[in-house]
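Only one structure is covered here, and it is reproduced in the block below.
The values are calculated or read from the model by the stated rules, or taken from the named source; none is laboratory data. The shown structure was predicted, so the numbers you read here are calculated from the model rather than taken from an experiment. As a convention, Cβ positions derive from the backbone with ideal geometry for all residues, glycine included, and neighbour counts pool all protein chains shown. Just the protein is used for accessible areas: all its heavy atoms, side chains included, with ligands, DNA and RNA removed. Shrake-Rupley method; radii C 1.70, N 1.55, O 1.52, S 1.80 Å.
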Amino acid sequence: MVNKIFDLLGIFSLTTLLPKILLQEAWKIKLKWDDPLPENIQKTFWKWRDETQYLEKIVILRYVEINGNSELHLFVDACKSSYGACVYVRTVTP
């Protein structure tokens, strides 16, 4: 399911983070290939999967005008299980 989300620019990386963390949790408890996942991991995954339907409704415009009023913004954050960064240009136009 995670590999079906095509995200060349990484815009949806926050969306694909949860199943990757769940996969890490399964590795940590050393499940065999055909062992069932613990119920808490299953419930979390199915909830995530059901919510991915909303991704279809997201529209991201890719035009950026850069002029003398443009500002570059950078945000970074980290936690125990992941880290992330976002850079964007803010331009005020008439």
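What to note about this one:
- Cleavage-rule hits, trypsin sites (Lys or Arg not before Pro), the chain, DSSP coil, Cβ neighbours within 10 Å at most 10: Lys30, Lys32, Arg62, Lys80
- With all protein chains in place and a 1.4 Å probe, the accessible surface of the chain carries 60 percent carbon and sulfur.
- The Rg/Rh ratio of the chain, with Rg taken over Cα atoms and Rh as the Kirkwood radius over Cα pairs, comes to 1.10.
- Estimated from helices alone, the mean residue ellipticity of the chain at 222 nm is -10000 deg cm²/dmol (sum of -39500 (n - 2.57) over DSSP H runs with n ≥ 4, per residue).
- Distance between modelled label sites at Thr93 and Leu23, nm, 7 Å Cα→Cβ extension: 3.8 nm
- Using a Förster distance of 35 Å, the FRET efficiency for Thr16-Glu71 (Cβ separation, nearest 0.05): 0.75
- Set of lysines with alpha-carbon distance to Lys80 below 19 Å, sequence-local pairs under 8 removed: Lys20, Lys28
- Linear extension gain, Thr52 paired with Lys32, 0.36 nm per residue minus alpha-carbon span: 4.5 nm
- Counted residue by residue at 0.36 nm each, then reduced by the alpha carbon distance between them, the extension gain from Ile5 to Ser82 reaches 25.8 nm.
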